[in-house]
Structure formats: C-alpha cells, structure tokens
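Participant: One structure, pasted below without further comment.
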Amino acid sequence: MHKVLHSVHLWGIAVGLVISGDYFGWNFGWSKASFWEFSFAVGWIATFYVLFALCFTELAASIPQSGGPSAYAKRALGDLFGLITGYLVLVEFLLAPPAIASALGGYIHFLFPVIPAFGAGIVMFCLLLLINLTGIKQTARFELLVTIVAVFGLLFYLAFLWPHVTFERIPKFPEVSSMSFHSIFLSIPFAIWFFLAVEGVALAAEEVRNPARDIPIGYTAGIFTLLCLAGLIFVFTASVVDIKEIAELDYPLSYVLQKLYGSDLIWPFVFTFIGLFGLVASLFGIILGNSRLIYAMSKEGYLPTYLSKLSYGSLVPQNKIRNKT
C-alpha cells in the first residue's frame, strides 16, 4: 500500500462514491411520500450520515487500515465481529457495481440508441476495473477528475433551474399530526441515495500520506459538499416541476431540463452526457473500495489468502522503505 493520497483525493473519493445518487434514485421517495414527509426523511438521514461520517473520520484517522469498518469492529469487539462487519460491508460494495453499471449502460443507450445498454454497462465496468489496476495514484487522480466534472454537471443543472425557481410550488408546511410516519419510513431508502457509500472513504485510509491531517479534512469537506448538493437539488427541483411527474423516472434531472427548455435545445443532451461522469465516479469509487476491502479481509484471514498476495513490483518500494527505516 503506497501512501500517496492527500485530502483533495479523499474529497474526490467521498463525493464520487455518492454523486450518482444526486442524479437519479432519490426522486423515487416522492412516489412514497409528500414533499414535507420526504423532506423529513432526507433531514433525518442527513443528520445520521453527518454523525456517521464524523465517527468514521475519527476511526479512520486513528486506525488507518483498508478494512475500514471490519478493522474497527475487530479492534473493539474481536475477530467474530470483524468478520461479520466485513462481510456486511462487502455485500454492499459487491452488489452496488452491477446496479450502477446497469444504469450507466442505460444512460449510454439513451444518448446513443445504437449501443445496447447491457453491453455498454459491461464494457464500462471492465474499463474502470482496468484503470483501477494501474495503481492508487492514477486511480485517485481519475476519480478526482470525473468527480469534479460530475459536480460541475450538478452546478450546471442548478444554474439552469435558477431563472425558473418559484417557491410557490412547494406546499405549505402541514400540521405535524397530518404527516404519515408510514410514508416517511417508506421514503427513507430513497433519502439514503443522497449519501449512500460515503463510508467507503475509510477503505482508502491505509494509502493516505498523513491520516491524522488529511482524513478529517477530506472526509469533512466531502460530507459538507454532499449536504449542500442534496439540499439544493431537492428544493430547486421541487420548485420548478410537479414532484409527481418525476417520482418514478430513472432520469429526473434530464427530464426537468427538457421540460423547461424543450427537447430541441442542446442543453438537456449536454447535461445527460455530463451525468455519465456522475455514474462513472460512483462506480469507479466503489470498485476502488471493494478491492481494498477484499485485500484487507483476505490479509486478516476472513477470505482466501491468495486475494491478499502482492506482486513483486508492488513489494519492492515497501521493502526499500523498510530497509531505509
């Protein structure tokens, strides 16, 4: 593990892991709840993830290991809990890539109908996997680049919505007694999309140059960025379109731009193209995270040990450092 990551790389990983959830998925919450019920769910989940990220910041800085939650559970509660926690996180990080790759293939097919969605998803997954194999330095730079482009895409979306924003579309705050806890509960999974997988930053902690400094800065900046983007997208979107129109769409932001500016203009197409970078950033970040988690769990004996073997080329720099030390 080469210690080359700085706080800006961690910011890119934190935001990149999550940012596809700003482009699609969260809007399905409005099919289960009203505006204010879903708002309550988003606020609840945002509070949870802020506290969650602060806890992970402390843990990752004090225990900078690629196992992340698995390493923390092992240190606190022993091998059994390290094993259980590691497998639970592994399930998340192994099942998420196919879902995001499928959505990525669908976006590519939407832009270029001649390309089949399934094939595009497979090709993009394999391509990103190969980039991940080039090493952490190149991986982190690529993730930072696509994350910056994806963030720019969301700012582009907000800028084009600004002239049309009218808060009269947002209903007045209802009586608390009239709000349904059942609807709030059903919308929680979709509120999580705004922050899902931000915990993956901890899986790169072993490769951070100065964990005590860089992890708090990168993690805090990342969660603050995600909070701002989630709040602005949620409110701006509800203030320009009927929320029920986009409650079951796989491309809500593209639909909103197309409705406001028409299908003849190039801007909705440009935004959809930029949206690909959001999906790429999340898919690539999760591939990065699960590769480190598999390596760490194998090294601890929770997975077959051949998964933690390093090539001779990877060992040379570490041996040189040890000899100098």
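Participant: I170 to I122: FRET efficiency via 1/(1 + (r/R0)^6), r the Cβ-Cβ distance, R0 25 Å, to the nearest 0.05?
Facilitator: Taking R0 as 25 Å, the efficiency between I170 and I122 is 0.05.
Participant: Here is a further query. For helix 181-191, what angle does its Cα long axis make with the longest principal axis of the chain, in degrees from 0 to 90 and rounded to 10?
Facilitator: Computed tilt is about 60 degrees.
Participant: Show that you can apply the helix-only estimate: for the chain, add -39,500 (n - 2.57) for every DSSP H stretch of four or more residues, divide by all residues, and state [θ] at 222 nm to the nearest 500. Walk me through the numbers before you get to the answer.
Facilitator: On the way: 12 runs with 223 residues, N = 325.
-23500 deg cm²/dmol, from helical runs alone.
Participant: Quick one: net charge around V208, please, counting Lys, Arg +1 and Asp, Glu -1 for every other residue with C-beta under 11 Å from its C-beta. Intermediate values should be presented prior to the final figure.
Facilitator: Working: positive: K3, R209, R213; negative: E206, E207, D214.
Around V208, the charge tally is 0.
Participant: What does the charge count near L5 come to, summing +1 for each Lys or Arg and -1 for each Asp or Glu among other residues with Cβ under 14 Å from its Cβ?
Facilitator: Values: positive: K3, K137, R141, R209, R213, R292; negative: E143, E206, E207, D214.
Combined, the nearby Lys, Arg, Asp and Glu give +2.
Participant: Run the 1.4 Å probe and let me know the accessible area of E58, rounded to the nearest 10 Å².
Facilitator: Roll a 1.4 Å probe over it and E58 shows about 130 Å².
Participant: Let me ask something else. Indicate the gyration tensor shape class of segment 1-92 (rounded, prolate or oblate), computed on the Cα atoms with a ≥ b ≥ c the square roots of the eigenvalues: a/c under 1.5 is rounded; otherwise a/b larger than b/c is prolate and the rest oblate. Intermediate results must be reported in sequence, preceding the final value.
Facilitator: On the way: a/c = 2.32, a/b = 1.63, b/c = 1.42.
In terms of gyration-tensor shape, prolate.
Participant: How far is helix 136-161 tilted, in degrees, relative to the longest principal axis of the Cα atoms in the chain, given as a value from 0 to 90 rounded to the nearest 10?
Facilitator: 10
Participant: I would also like to ask the following. Around Y255, under 12 Å between beta carbons, what's the net of Lys plus Arg minus Asp minus Glu among the other residues?
Facilitator: Values: positive: K259; negative: D242, E245, E248, D250.
Result for the local shell: -3.
Participant: Separate question: Going by the alpha-carbon gyration tensor, a ≥ b ≥ c the square roots of its eigenvalues, is segment 99-139 rounded (a/c under 1.5) or, if a/c is not under 1.5, prolate (a/b greater than b/c) versus oblate?
Facilitator: Prolate.
The values are calculated or read from the model by the stated rules, or taken from the named source; none is laboratory data. Just so it is clear, the structure is predicted and the values come from calculations on it, not from any experiment. Every residue, glycine among them, receives a Cβ derived from its backbone with ideal geometry; neighbour counts consider all protein chains shown. SASA here: full protein model, heavy atoms, side chains in, ligands and nucleic acids out. Shrake-Rupley method; radii C 1.70, N 1.55, O 1.52, S 1.80 Å.
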